[in-house]
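The values are calculated or read from the model by the stated rules, or taken from the named source; none is laboratory data. A quick note: this is a predicted structure, and the numbers were derived from the prediction, not measured. Glycine also receives a Cβ, built like all others from the backbone with ideal geometry; neighbour counts cover every protein chain displayed. Ligands, DNA and RNA are excluded from the accessible area calculation, which covers all protein heavy atoms including side chains. Shrake-Rupley method; radii C 1.70, N 1.55, O 1.52, S 1.80 Å.
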Amino acid sequence: MSSHQSARCVRVLVVDDHPLMREGLNQLLSGELDFEICGEADSAATALTAVQRLQPDVVVLDLTLGSDDGLAVLRTLREQFPAVRVLVLSMHDEMLYAERLLAMGAHGYVMKQESPEVFLAALRKVSSGEHFVTAAVGSRLFGKLARLREQGAAQGGDRLTGRE
C-alpha cells in the first residue's frame, strides 16, 4: 500500500473481551483498504489506555467486557476523547440499548448477529462522521420524534408566525 493510501486509512481500535471476536474483526478489516486495526483491548482499563496511546479514529466497543461495564467506557470516551467516534458492537438487543447509547454519545449501534456487510457499512458511516442504526431502530426513533412534534403542536409550540 502506498503512503498516500495509508494516510487515508481509518484507524480502528477493537474493544471486546472475547479473543475470537477480536481476531474475527481483524480478519474482516484486513481485507478492507480503508481500515487499519491500530490496536485491541479486552477491558475498560486497557481500552482507555489504548485510546490515549494509539489515538484511533473509531473505537468498536462491546458493551459487555467481562466484569467491566461498556457503558462506563463510553461515558469516559465521550468526556476525555470527544473526537473519537464510537461504534457499539454488541449481542444485546438494539431495541433495548441503541437509543440510550446514542443519547450517551455513541455514533452507531450494530448487533453481533448482523452480517459482515452491515458491520462494514456501519463502520464506514460512523468513520465518515455520520450515525448508524438499523432501519428498525431508525423507524422507532422517527416515530418518537413525530409524537414529540405532535405534542409540541398540541401545546402551541407551532404557533409562531412567519415573521417570528
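The table for this structure:
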quantity	calculated
Percent accessible area from carbon and sulfur atoms, the range 1-74, protein chains only, probe 1.4 Å	52 percent
Neighbour cut-off at most 15 other Cβ (10 Å), DSSP loop, GluC sites (Glu not before Pro), the range 77-142	E114, E130
Computed label-point distance, nm, for sites R53 and D69 using a 7 Å Cα→Cβ extension	2.6 nm
Cα-based convex hull volume of the range 78-122 per residue, rounded to whole Å³	71 Å³
Label-point gap, in nm, between Q113 and T76 - each point 7 angstrom along Cα→Cβ	3.1 nm
Residues listed by number, the range 107-127, amide nitrogen under 11 Å from D34 label point at 7 Å toward C-beta	120-127
